[in-house]
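The values are calculated or read from the model by the stated rules, or taken from the named source; none is laboratory data. Bear in mind the structure is a predicted one, so any value in this text is a computation, not a measurement. Note: ideal-geometry Cβ built from the backbone for every residue, glycine included; neighbour counts use all protein chains shown.
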Amino acid sequence: MTESIYTVTIRSIYISSIAALIAFMSSIALSTIISRLSRKYVEIVSSVFEALVGVPTTVIGLLVYMLLFPKGPLGALKLIYTPYAIIIGEFLVAFPMAYTYMFRHYYTRREKIRELVLSLGCTEKPVFKLLLRELTPILLSAYLVSFSRAMGELGVALIVGGGIEGYTNVLTTAIAIQTSLGNYEYAIQLGLILVSITVSLVVVLKLLGERVLWRLD
């Protein structure tokens with residue numbers, strides 16, 4: 001029996017939300033560290049992450065599979081063909097996107113806020129707190145971008161998740177599997193749900209972007 005659309009959708013949102021959250025938090029941590037380095041190293045790291053954004057998800061899926069399969073370095077954890085494997089893979093897919101989207105704004109604003117705080121005779125302690133408050137729209141956008149990237153990928157979910165019904169089947173794998181089985185009506189319904197979620201995120205990102213521009217003006 002075909003798994004219900006509701007179950008597949010909820011599982012997809014759950015897995016992608018966790019992967020995106022980990023990518024988002026990692027991006028903040030890495031941005032904080034890299035922003036303290038010299039401009040030369042900042043440019044090098046940024047270039048690497050910009051290049052990683054374009055890496056095919058099937059390559060990332062293969063890498064995660066090699067790490068997690070039974071005879072791999074992390075095979076003892078028995079994570080292959082589980083939701084946790086998909087979360088790891090989607091994190092690797094979303095992380096470069098989240099960092100690239102966030103860092104430029106983070107780096108520029110941090111320097112301005114730091115100079116302002118020091119000019120007022122204060123210590124650097126309030127810089128991070130003020131920075132997070134100032135960059136709230138950007139941070140929200142970075143999370144939504146990483147979530148959208150994780151939600152729409154297929155390679156990782158199929159290779160390390162296997163599209164197992166009732167366990168690791170997500171929207172993208174379900175669409176691929178049902179299409180191959182000739183169940184086009186079900187696949188189209190799943191596709192419409194995925195498109196609806198993506199379009200909703202684009203609308204939210206646009207509204208957040210307009211808010212950022214308004215604040216800059």
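Results, tabulated for the structure shown:
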{"read-out": "Breaking point among (1) at pLDDT below 90; (2) surrounded by fewer than 16 Cβ atoms within 10 Å (Cβ to Cβ); (3) in a helix (DSSP H, G or I), for Tyr14", "value": "(1)"}
{"read-out": "Test for Ala19: is it of a type in the set (Gly, Ala, Ser), buried (at least 18 other Cβ atoms within 10 Å of the Cβ) and within 21 Å of Asn169 (Cα to Cα)", "value": "yes"}
{"read-out": "Selection from the range 136-154 of residues that are closer than 21 Å to Val204 by Cβ and not in a helix (DSSP H, G or I)", "value": "Gly152, Glu153"}
{"read-out": "Qualifying residue in the range 56-66 (condition: in a loop (DSSP other than H, G, I, E, B), under 27 Å from Thr173 (Cα atoms) and touching a residue at least 12 places away in the same chain (Cβ under 8 Å))", "value": "yes"}
{"read-out": "Residue, farthest from Gly61 (Cα to Cα), within the range 155-210, restricted to residues that are of a type in the set (Ser, Thr, Tyr) and in a loop (DSSP other than H, G, I, E, B)", "value": "Tyr167"}
{"read-out": "Among (1) of a type in the set (Lys, Arg); (2) at pLDDT below 80; (3) crowded, with 18+ Cβ neighbours inside 10 Å, the one test that Arg149 misses", "value": "(2)"}
